[in-house]
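Report on one structure; see the data block that follows.
The values are calculated or read from the model by the stated rules, or taken from the named source; none is laboratory data. This structure is a prediction, so every number in the text was calculated from the model and none was measured. Counting neighbours? That spans all protein chains shown, and the Cβs are built from the backbone with ideal geometry, glycine included. Note: accessible area is taken over every heavy atom of the protein model, side chains too, but ligands, DNA and RNA are not part of it. Shrake-Rupley method; radii C 1.70, N 1.55, O 1.52, S 1.80 Å.
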Amino acid sequence: MPRCSRGLDAIKAKRNIRKAPDVGELLAKGKRRGVVKGTVPTTLARRRRCWLRRTCGMAGVCGWFGVRLRARVFMEPRRYETTMEDFRNEYCMHTATCGQLRATDVNQEVALCGWAWHTRDHGGLIFIDLRDRDGYTQVVVDPDCVSEEDFHAAEHLGREYVLKVSGRVRERAPEAINPNMITGEIEVLANAVQVLNTSVTPPFSIEDGIETDEITRMKWRYLDIRRPEMLANLKLRHTVTQAMRRALDERGFLEIETPILANSTPEGARDYIVPSRPNPGKFYALPQSPQQFKQMLMCAGVERYYQIARCFRDEDLRADRQPEFTQVDIEMSFVEGDDVCDMMEGVMAETLKAVGVTDVAFPLQKMQYADAMRLYGCDRPDVRFGMLLHDITDIVKDTGFKVFASVAQSGGVVKAINVKGAGDWSRGEVEKLASIAEANGAKGMAWVAFTTDGQEKSPIKKFFTDEEWAALKAEMEVEPGDLLLFAADKPEIANAVLSALRLHMADAMNIPREGHALLWVVNFPMFRYDEDEKKYAAEHHPFTHVLKEDLDKIESDPLACGSYSYDLVMDGFEVGGGTIRIHNAEEQRRILRVVGLTDEEIDEKFGHLIRALELGAPPHGGIALGLDRLVMLLARKDSIRDVIAFPKTSSASDPMTGAPSAVTGRQLKDVSLRIL
């Protein structure tokens, strides 16, 4: 008898519950009654890995016991046989796009619409590169083939004039074929040229590789997006988003929207707040994430949820941060951490395949948080190159160099990296690196250079004994041409310093970082101590489930508590973070007390969540992927601003619209506010 049947029989015998009908029978009955449409999907038919099957050793039937065992039935996703390609020349003025025509289209009559990109007058023949979002096509305007009026219009075209061109596709002469154009084998001989709109001279060239400053590009963003490389970024973003939607739909996830106007809760960054006109003196907060709503959807029995969610955080900006950003938000019930990771790997595999990335091997490596910090100095390691951190504390604890010895003897650490090939750098070049160390909390930076001609240069060598020096060289695997860089401080500072130096030196030495490298970093500590606030804070967020073996340490030794947590790291960036959530109300209260909330504050800010956890919350967990950051990496860009249609500057402003802007006194009065 299949294991699944044995599990159901055990439930029936123990609880005296009649055997649940087959899902196919339920659907058949529903169809006869006109209630259910669809078929049983493969997602449901498949024996899914889930929490209950492994925990109770039975069938893998998860649900709530009431009068009957309840389960959500997944409908077969609707399949469409047509694609965007089938309709892109419907409902519009053109019969083909400017990147669509090939040699197989010769002699076809077509209509093209787009922008006049480049124009050339070659002795009576006018050549126009007509561009749209798909590419560009060369149009030939011959005075013998168009009206005098149309030829005159073609003679006086300006940059970025909007055109509709009708004509016949013809082969180019062999010597005129352009292998650098996807439409380079053909051209369109125009029989009509219609100017749909003129344009003043653009403030910058609509070309790839321009050196225009970013603020100017953002002020005229709609022009910037016309550039092929920018359009390619947005197309890539669309492909990634649609691939994820398909993959999640196939795995039984429901796409559900959650509120944008919500209450303010402490989630790490400052909230953007919105005054409520009907409720004077009260404010909404824009969500930093849909965290609490997706947990309550699990309490509601949705079981598998996702959302392409807009999120908002009022924090200092950098190249991979924006005040408003997009994340692929995912939550699942009846799961453990491995279930979420396995599901996500399947989604990522399909997404990467959709954008042509084939060099990532699955299943992914799982690296312990402690190992990531020990070897790379950060929890988002770029594993595409070496230059690992070495702990040399035991070697230098008794050395004559007091900076190292005092740190080692007072509970700190001394660590180093070996930069291969930098041993011949000048002393001035090396000492400039101290500014990077100081920016990450160090008081200075020690170094040793081993030149290619066999010299050993360093201001600290004289403090080492021969035995200590030999042990250092052995640990660091020193060869001629190496440069050792050191950090001595508290572990978190030493790690931060060498992590930053490692990445800087990889750039400086042009170390190849080809392809993409993905891995999981797992088992983060539950808490960290915030020196500025003088209190404990959650490493991920305060809704994370503490490791079972550490539950008794929550109050007595918070920093010793681990958590069920996992981050997805790609090319040295965190592209996703997730945890198994707390589904017990008392554990949730304990965690919130440790991070500094009183019982009254807990009830005020999180009472809705506590009540949901008290009403039969299932075990659940999830993950959120940073869509902007993921697309940035896939597009090989340095800033997420290049993959967002309308981003903000580093000062959180929009040069195009002028946001943020002042409002009128009447508007302030309506929401019971005034400016001091």
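Residues in region 152-208 that are loosely packed, with under 12 Cβ neighbours inside 10 Å, small (Gly, Ala, Ser) and in contact (Cβ under 8 Å) with a residue 24 or more places away in the chain: 0 in all.
Hey, can you tell me all the residues within region 547-587 that are in contact with a His (Cβ under 9 Å, 6 or more places away or on another chain) and part of a helix (DSSP H, G or I)? Answer for region 547-587, where residues must be in contact with a His (Cβ under 9 Å, 6 or more places away or on another chain) and part of a helix (DSSP H, G or I): just Glu587. For region 454-466, filtered to residues that are surrounded by 12 or more Cβ atoms within 10 Å (Cβ to Cβ) and touching a residue at least 40 places away in the same chain (Cβ under 8 Å), the residue that is nearest to Ala416 (Cα to Cα) is Ile460.
The number of residues in region 467-487 being open to solvent by 30 Å² or more (accessible area, probe 1.4 Å) and either in contact with a Gly (Cβ under 8 Å, 6 or more places away or on another chain) or in a strand (DSSP E or B) (or both) comes to 1.
Within region 149-169, the set of residues being in a helix (DSSP H, G or I) and of a type in the set (Asp, Glu) comprises Glu149, Asp150, Glu155. So, of the residues in region 622-644 that are touching a Phe, Trp or Tyr at 6+ places or on another chain (Cβ under 7 Å) and open to solvent by less than 20 Å² (accessible area, probe 1.4 Å), which turns out to be farthest from His583 (Cα to Cα)? Restricting to residues being touching a Phe, Trp or Tyr at 6+ places or on another chain (Cβ under 7 Å) and open to solvent by less than 20 Å² (accessible area, probe 1.4 Å), the top hit is Leu633.
Which one of these is among the aliphatic types (A, V, I, L, M), surrounded by fewer than 16 Cβ atoms within 10 Å (Cβ to Cβ) and more than 18 Å from the chain's Cα centre (by Cα): Ala319, Ala370?
Ala370
The single condition from (1) within 24 Å of Arg226 (Cβ to Cβ); (2) open to solvent by less than 50 Å² (accessible area, probe 1.4 Å) that Gly124 fails is (1). Among the residues in region 309-329, are any in contact with a Lys or Arg (Cβ under 7 Å, 6 or more places away or on another chain) and under 14 Å from Gly621 (Cβ atoms)? Scanning region 309-329 turns up at least one residue that is in contact with a Lys or Arg (Cβ under 7 Å, 6 or more places away or on another chain) and under 14 Å from Gly621 (Cβ atoms). For region 337-367, taking the residues that are assigned to a helix (DSSP H, G or I) and among the charged types (D, E, K, R), the one that is most open to solvent (accessible area, probe 1.4 Å) is identified as Lys353. A residue that is over 13 Å from Gly377 (Cα atoms) and of a type in the set (Phe, Trp, Tyr) can be found somewhere in region 469-477.
One residue alone among Glu331, Glu324 is within 23 Å of the chain's Cα centre (by Cα), of a type in the set (Asp, Glu) and closer than 23 Å to Leu236 by Cβ, and that residue is Glu324.
Take the conditions (1) open to solvent by 80 Å² or more (accessible area, probe 1.4 Å); (2) touching a residue at least 24 places away in the same chain (Cβ under 8 Å); His238 misses just one of them, which is (2).
Would you confirm whether or not region 502-525 contains a residue that is more than 23 Å from Gly421 (Cα to Cα), at pLDDT below 95, open to solvent by 60 Å² or more (accessible area, probe 1.4 Å) and assigned to a loop (DSSP other than H, G, I, E, B)? Scanning region 502-525 turns up no residue that is more than 23 Å from Gly421 (Cα to Cα), at pLDDT below 95, open to solvent by 60 Å² or more (accessible area, probe 1.4 Å) and assigned to a loop (DSSP other than H, G, I, E, B).
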